[in-house]
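Here the structure comes first, spelled out in structure tokens, and everything after it is commentary.
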Amino acid sequence: MSLTLTPQDKLTLRTAAYGAVTLLASADAAGSPHKAATAGSLALYSATGPVGHVLAEKKPGVHLEGKTVAAMADHVLPALTASMTLLTQQDPAVAGEFRHTVLVAVDAAARSHRGEPSPTAAEMTRKITAALDAA
């Protein structure tokens, strides 16, 4: 099956993926948010296949602002669910690839400071996984 994504669909995917990394970096602010964001973003940028092509696009429009983690989560978590719904309707294999890619990036971000993720990072990972699985 061929994947047909509108510019808005692609923006939703990028917002979801990069937003998940941003959420995790923000949730673990006591650690090293910059290292977490870098590790997660590099993992996303190294994705392959249709998902990798979308995530590698350098298009404007991904806005991950929010004065609080809660404000960012209100935007990012629904984008994760919407991305999975969209991809599952078009190609379940690509949806699985997207889910795996996001979780690898989240894991990379969580482990960027070496050792086990903090309790706050672990909880944010749970919320991200739940949003991916809600579709």
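The values are calculated or read from the model by the stated rules, or taken from the named source; none is laboratory data. The model shown is predicted, which means the values in this text are computed figures rather than measured ones. Every residue, glycine among them, receives a Cβ derived from its backbone with ideal geometry; neighbour counts consider all protein chains shown. Please note that ligands, DNA and RNA were not included when accessible areas were found on the heavy atoms of the full protein model with its side chains. Shrake-Rupley method; radii C 1.70, N 1.55, O 1.52, S 1.80 Å.
Each row is one residue, and each column tells you yes or no for (1) free of Cβ contacts under 8 Å to residues at least 60 places away in the same chain; (2) farther than 16 Å from Asp9 by Cβ; (3) touching a strand residue (DSSP E or B) at 6+ places or on another chain (Cβ under 7 Å); (4) not basic (Lys, Arg).
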position	(1), (2), (3), (4)
Leu44	no, yes, no, yes
Val62	yes, no, no, yes
His100	yes, yes, no, yes
Asp133	yes, yes, no, yes
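Is it the case, given these coordinates, that Ala27 is within 20 Å of Asp133 (Cα to Cα), at pLDDT below 95 and not basic (Lys, Arg)?
Working: within 20 Å of Asp133 (Cα to Cα): no; at pLDDT below 95: yes; not basic (Lys, Arg): yes.
No.
Among the residues in the stretch 95-113, are any modelled with pLDDT of 95 or more, hydroxyl-bearing (Ser, Thr, Tyr) and touching a Phe, Trp or Tyr at 6+ places or on another chain (Cβ under 8 Å)?
No, the stretch 95-113 contains no residue that is modelled with pLDDT of 95 or more, hydroxyl-bearing (Ser, Thr, Tyr) and touching a Phe, Trp or Tyr at 6+ places or on another chain (Cβ under 8 Å).
Could you say whether any residue in the stretch 32-39 is surrounded by 24 or more Cβ atoms within 10 Å (Cβ to Cβ) and at pLDDT below 95?
The answer is yes; a qualifying residue exists.
Which residues, taken from the stretch 34-58, are closer than 26 Å to Ser2 by Cα and either of a type in the set (Phe, Trp, Tyr) or out of contact with any helix residue (DSSP H, G or I) (no Cβ under 7 Å at 6 or more places or on another chain) (or both)?
Start the filter on the stretch 34-58 by keeping residues that are closer than 26 Å to Ser2 by Cα, which leaves 43-58.
Selection gives Tyr45, Ser46, Thr48, Gly52, His53, Lys58.
Output yes when any residue across the stretch 24-38 is under 16 Å from Val69 (Cβ atoms), touching a Leu at 6+ places or on another chain (Cβ under 8 Å) and of a type outside the set (Ser, Thr, Tyr), and no when none is.
yes
Looking at Arg126, Arg111, can you tell me which residue is free of Cβ contacts under 8 Å to residues at least 24 places away in the same chain and closer than 21 Å to Ala36 by Cα? First the steps, then the outcome.
Working: Arg111 fails: free of Cβ contacts under 8 Å to residues at least 24 places away in the same chain.
Matching residue, one of Arg126, Arg111: Arg126.
Scan the stretch 95-135 residue by residue and report those that are open to solvent by less than 30 Å² (accessible area, probe 1.4 Å) and out of contact with any Gly (no Cβ under 7 Å at 6 or more places or on another chain).
Hits for the stretch 95-135 are Ala95, Phe98, Thr101, Val102, Ala110, Ser112, Ala121, Met124, Ile128, Ala131, Leu132.
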